[in-house]
Amino acid sequence: MNDNSIPQHFLDTSVLRSLLLGTQVYKQYFKSQFTDQPLYISNYVQMEMKRSYLINLISFYFVLRLETINNIGDAITLWSNRFKASELKAILQLIPQLFSTHQLNFSSSQDKEKALAILGIYIKRFELLLRKKFNNTNNDATACARAIVPLDLDLQNAAAGLKQFADEFGDVDTCRNKCQIDQFLLVQYRSEIEQLVQIASQLPKNANTRGFIKIVNNLKEILAQGAVACDCKRCVKIGDAVIALNAPRNMQLEHTDNSFDYLCPAINQPHYKHPSENQIVTNI
Amino acid sequence: MNTEQTVLEVSGVEITKTLLGDLQKLQQYTGEPIAAVYADNLLRTMRKLCDKLPFDPYTEVVMALHDALFFQNRWIDYNANQYKGVCELLTSLVNQKNINNSSVESAILTLENLGFDTLPFGVNIDDNLDTNEDEE
């Protein structure tokens, strides 16, 4: 750290997501915490945002674009009836806000094309801010290949660019062949992971430890099975550990997840757990 | 060239130029009720641009500003300096006549740096939504 009193900030996905997509109150909370100091993220954190939000936005774009969907309302109905996971609900919160701000008619087939154009513009802007609004540590020791799949979007033909991105981002076999997650976990940070396994074995199972223990159970399987157990699906389950291990030790890892309370001390990673959005809103 | 042809050739840069007057008035009348006169006109002109030229590079920049200003009527909250900054930014863009993708990206980042929240739509993130379980 350049100055012990002013830590540099490295953002976990939970904080990045809140800065990009949180309510105004929550964004203001983080603004007050960071007061115009430089904020850092990694390619891997960007990948988690693309996996949990951008790819769902793109999916909604194509639901709306379907020839069997007449208007915005139909697309929302289909999405809400068929896709129920919590990260998919975020799309249901975004879409009415975005299209209402543009005063689109949810029952009009004429406004469907306008909606597609506006959603294309929003997706392009979101990806831009994800890529450029924050400083990149330029140090992703996992060499995550999904993270660097480009989104080249020509708005006149947005569907082609979005499909290209979805194809490449979804090609986890090719991406896995290019990344070094096995080296990262089994060689570079093997001793730290063994230490985490040891710590988890002594913890009681409760609401605070549940997430950490789940992560460590997956790390244990990786230690037992080797590189074959490392794939993009597994990365979904161990993301916090990867982020903590790859965080610059001279920066403070900013997060909202309980798991980091156990991950960070064991590897001497400075960290700070921020209140949840509900806690901030409740305390106003 | 007849009048009809002139109308058809209205470009993103020309419509963007017409936003400047309203933005200057918003800068002048920040915090006063009369500012609504110019906010209303600004909003309608921005929409006209998006309706006529949805894929124009100027539209992309203007829509970023539109979303920052008109979601929950946040145009009321921005201050004179911020409006001054956006006037300077748009003036610089319209003076370029043609802008490329790099200029669009740079302009949107400038809006963010001026304090305009171009992604204002809040998604209430579930406390229990653990990134590690997102795709389980």
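In segment A:11-26, how many residues are of a type in the set (A, V, I, L, M, F, W, C) and either facing chain B (nearest Cβ under 7 Å) or under 16 Å from A:LEU54 (Cβ atoms) (or both)?
4
Cβ-Cβ below 6 Å, separation at least six or inter-chain, first residue in segment A:264-284 and outside the structural domain of A:ALA200 (by TED's automatic domain parsing) and among the polar types (S, T, N, Q), second exposed (fewer than 13 other Cβ atoms within 10 Å of the Cβ) and in a strand (DSSP E or B): which pairs?
That search, which allows pairs on different chains as well, returns nothing.
Hey, any hits in segment B:79-86 for a residue that's in contact (Cβ under 8 Å) with a residue 12 or more places away in the chain, surrounded by fewer than 19 Cβ atoms within 10 Å (Cβ to Cβ), hydrophobic (A, V, I, L, M, F, W, C) and over 27 Å from A:ASP111 (Cβ atoms)?
yes
For segment A:70-90, which positions are out of contact with any helix residue (DSSP H, G or I) (no Cβ under 7 Å at 6 or more places or on another chain), assigned to a helix (DSSP H, G or I) and not basic (Lys, Arg)?
A:GLY73, A:ASP74, A:THR77, A:ASN81, A:SER86
Which count do you get for residues in segment A:252-284 that are of a type in the set (D, E, K, R) and surrounded by fewer than 16 Cβ atoms within 10 Å (Cβ to Cβ)?
Counting residues in segment A:252-284 that are of a type in the set (D, E, K, R) and surrounded by fewer than 16 Cβ atoms within 10 Å (Cβ to Cβ) gives 1.
Do you know which of the residues in segment B:9-37 that are hydrophobic (A, V, I, L, M, F, W, C) and part of a loop (DSSP other than H, G, I, E, B) is farthest from B:LEU53 (Cα to Cα)?
Result: B:ILE34.
Filter segment B:107-120 down to the residues that are free of Cβ contacts under 8 Å to residues at least 12 places away in the same chain, surrounded by 16 or more Cβ atoms within 10 Å (Cβ to Cβ) and of a type outside the set (A, V, I, L, M, F, W, C) and list them by number.
Result: B:GLU112, single match.
Quick one: which residue in A:ASN56, A:ASN70 is farther than 30 Å from A:LYS233 by Cα and in the same structural domain as A:ALA117 (by TED's automatic domain parsing)?
Matching residue, one of A:ASN56, A:ASN70: A:ASN70.
The rows are residues; the columns are (1) over 30 Å from A:ILE118 (Cβ atoms); (2) of a type outside the set (Asp, Glu); (3) over 20 Å from the mean Cα position of the chain (by Cα).
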residue: A:PHE165; (1), (2), (3): no, yes, no
residue: A:GLN180; (1), (2), (3): yes, yes, no
residue: A:ARG190; (1), (2), (3): yes, yes, yes
residue: A:VAL197; (1), (2), (3): yes, yes, yes
residue: A:LEU203; (1), (2), (3): yes, yes, yes
residue: A:ALA207; (1), (2), (3): yes, yes, yes
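Looking at the structure I just gave you, is A:ALA85 modelled with pLDDT under 95, within 11 Å of another protein chain (Cβ to nearest Cβ) and surrounded by fewer than 18 Cβ atoms within 10 Å (Cβ to Cβ)?
yes
Could you say which residue among A:SER32, A:SER18, A:SER14 is surrounded by fewer than 18 Cβ atoms within 10 Å (Cβ to Cβ), part of a helix (DSSP H, G or I) and either touching a residue at least 12 places away in the same chain (Cβ under 8 Å) or outside the structural domain of A:ALA166 (by TED's automatic domain parsing) (or both)?
A:SER32
The values are calculated or read from the model by the stated rules, or taken from the named source; none is laboratory data. In this text the structure is predicted, and so the values were computed from the model without any measurement. For neighbour counting, all protein chains shown are included, and Cβ atoms are generated from backbone atoms with ideal geometry for every residue, glycine included.
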